[in-house]
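> Below are the structure tokens for one structure; questions will follow.
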Amino acid sequence: MIIRAKEESMSVKIENIQCELLSKNWFKLHKYTFDLKTDEGTSVQQIREVYDRGNGATILLYNRQQGTVVLIEQFRMPTYVNGNASGMLLEACAGLLDNCNERCNSDPHPTPEIRSRG
């Protein structure tokens, strides 16, 4: 099920956007400061950090005969530092997209070559 916001609330008004590069060690981390206009017409300053990892994709492989999915176990540092002794998580298979062109951002539908065949 997809839940969509009401049409009138979908238009977010932001002004005075400032961007500061905080890090580019592994990927880029930016700090954005901006004014968000509320429904009452007032402006509230917001600060958000955005970690830009580029475009990625995930796939959930489903075995119809067994009624199971394929997951992968991955080490994740944030879960380790938050108390998961092994740092391991079960996840859907995913990764970054190499040489992603404009289509990655404009076409929400998979190409016929990768569309589900079931």
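> Would you mind ranking 79, 58 by Cβ crowding within 10 Å, fewest neighbours first?
58, 79
> Further question: Between residue 11 and residue 88, what is 0.36 nm times their sequence separation minus the Cα-Cα distance? Round to one decimal in nm.
Gain on stretching residue 11 to residue 88: 23.8 nm.
> Moving on. Can you tell me the equivalent ellipsoid semi-axes for segment 55-98? Use √(5λ) from the Cα gyration tensor, largest first, whole Å.
Sorted largest first and rounded, they come to 24, 17, 5 Å.
> I would also like to ask the following. From Cα pairs below 8 angstrom and at least 6 apart in sequence, can you work out the relative contact order of segment 55-98, rounded to a whole percent?
With pairs under 8 Å counted, the relative contact order is 46 percent.
> Give me 59, 47 ranked fewest to most by other Cβ atoms within 10 Å of their Cβ, as a rough exposure proxy.
Lowest count first: 47, 59.
> Please work out the FRET efficiency for the pair residue 20 and residue 57, using the Cβ-Cβ distance as r and a Förster radius of 30 Å; give the result to the nearest 0.05.
Between residue 20 and residue 57 the formula returns 0.55.
> For a quick check: sort 53, 64 by the number of other beta carbons within 10 angstrom, fewest at the front.
64, 53
> When all C-alpha to C-alpha distances in segment 12-53 are sorted into bins of 5 Å, what percent of pairs does each bin hold, rounded to whole numbers?
All Cα pairs considered, the percentages come to 6, 24, 23, 18, 13, 9, 5, 2, 0.
> Please compute the length gained on full extension between residue 35 and residue 50, using 0.36 nm multiplied by the number of residues separating them and subtracting their Cα-Cα distance.
Details: separation 15, 0.36 × 15 = 5.40 nm, distance 1.62 nm.
Using 0.36 nm per residue and subtracting the Cα-Cα distance, I get 3.8 nm.
Since every read-out is calculated from the coordinates, none of them should be taken as a lab result. Source: prediction; values computed, not measured. Note that we place each Cβ from the backbone using ideal geometry, even for glycine, and neighbour counts take in every protein chain shown.
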